[in-house]
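Peer 1: Here's a structure for you.
Bear in mind these aren't lab numbers, they're just calculated from the coordinates by the rules spelled out. Note that the structure is predicted; figures quoted are calculated from it, not measured. All Cβ positions, even for glycine, are placed from backbone atoms using ideal geometry, and neighbour counts span all protein chains on display.
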Amino acid sequence: MAKKQIKQNKVDQNRKEQSLFKKPIVKLGIVSFSIIQIVTLLLVIALLGFFIVNNFIPNEPEVEYYTFTKEGELTFTDSLGTLKSKIDIEIADNVYERSLGLMNRKEMNENQGMLFIFPESEYQSFWMRNTLISLDMIFVNDKKEIVTIHKNTKILSDQSYPASKLALYVVEVLAGYTDKHDIKIGDKIDWMGTKLANTN
């Protein structure tokens, strides 16, 4: 009887050891999957998803951001010529630069701005498409007198900001600049630049 019991214990021990080396099984309904099969299936699904996203779903075009390049200095004075403030400027004096303006700029300092120079006086009108920073827009006539100011423009907007009178120049500065420096209609601008204005 003792021998039979020892033999039975060895059989039970062998069964336990064999069970340790069996692959774990997950039963779903009547279908059984091993853990390895499930992981493999998930990896295949993930790879298929990656392939579809990268080959069939159009990606957003990469945005090119611009930084400030000093090309001159501009002053604001009252009608009598008393200095109110001075800024560094970029100069937009051709069709491409005027179209680009201050689009895709993540930041700009308070003492920086852009001077737009047009070939002739017109009722200029600007918008804020692709412009990430709020601005004050200052429209200036051919006598360098400020005729219109639009303050705190709305970013990323197609809203039109028109001049109320003929303008040959436009200055863009950070929103709040004109209030801070008390710049008003009737004040004047003047500048010195490192490049000549083109008229194309």
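Peer 1: If you put +1 on each Lys and Arg Cβ and -1 on each Asp and Glu Cβ, how big is the dipole of segment 72-192 around its Cα centre, in Debye rounded to 20?
Peer 2: Computed charge dipole of segment 72-192: roughly 280 debye.
Peer 1: With θ taken as phi - 60° and the coefficients 6.51, -1.76 and 1.60, list the Karplus ³J(HN,Hα) couplings across segment 62-75 in order, rounded to whole Hz; mark glycine and proline as x.
Peer 2: Taking θ as phi minus 60°, the curve returns 5, 8, 9, 9, 10, 10, 6, 10, 6, 10, x, 10, 10, 10 Hz for segment 62-75.
Peer 1: While we're here: Suppose the chain between ILE38 and LEU80 were pulled fully straight at 0.36 nm per residue; how much longer would it get relative to their current alpha carbon spacing?
Peer 2: 6.9 nm
Peer 1: As I understand it, the dipole of segment 72-192 uses +1 on the Cβ of Lys and Arg and -1 on the Cβ of Asp and Glu, about the Cα centre. Which of VAL147, ILE117, TYR169 lies farthest toward its positive end?
Peer 2: Positive-most Cα among the choices belongs to VAL147.
Peer 1: Quick one: Karplus J couplings for segment 169-177, per residue in order, coefficients 6.51, -1.76, 1.60, θ = phi - 60°, nearest Hz, x for Gly and Pro?
Peer 2: Coupling constants for segment 169-177: 10, 9, 10, 10, 10, 4, 4, x, 5 Hz.
Peer 1: Something else: Return the FRET efficiency for the residue pair THR67, GLU145: r is the Cβ-Cβ distance, R0 is 30 Å, and the value is rounded to the nearest 0.05.
Peer 2: Working: r = 31 Å, r/R0 = 1.04.
Plugging the Cβ-Cβ distance into 1/(1 + (r/R0)^6) gives 0.45.
Peer 1: Given H placed 1.01 Å from N in the peptide plane, which residues other than close sequence neighbours of THR148 have an amide H under 5 Å from its amide H?
Peer 2: Close amide H contacts, sequence-distant or interchain: PHE139.
Peer 1: Treating cross-link reach as a plain straight distance, find the aspartates and glutamates whose alpha-carbon is under 12 Å from the alpha-carbon of LYS165, omitting any fewer than eight places away in the same chain.
Peer 2: Result set, ordered by chain and number: GLU122, ASP142, GLU145.
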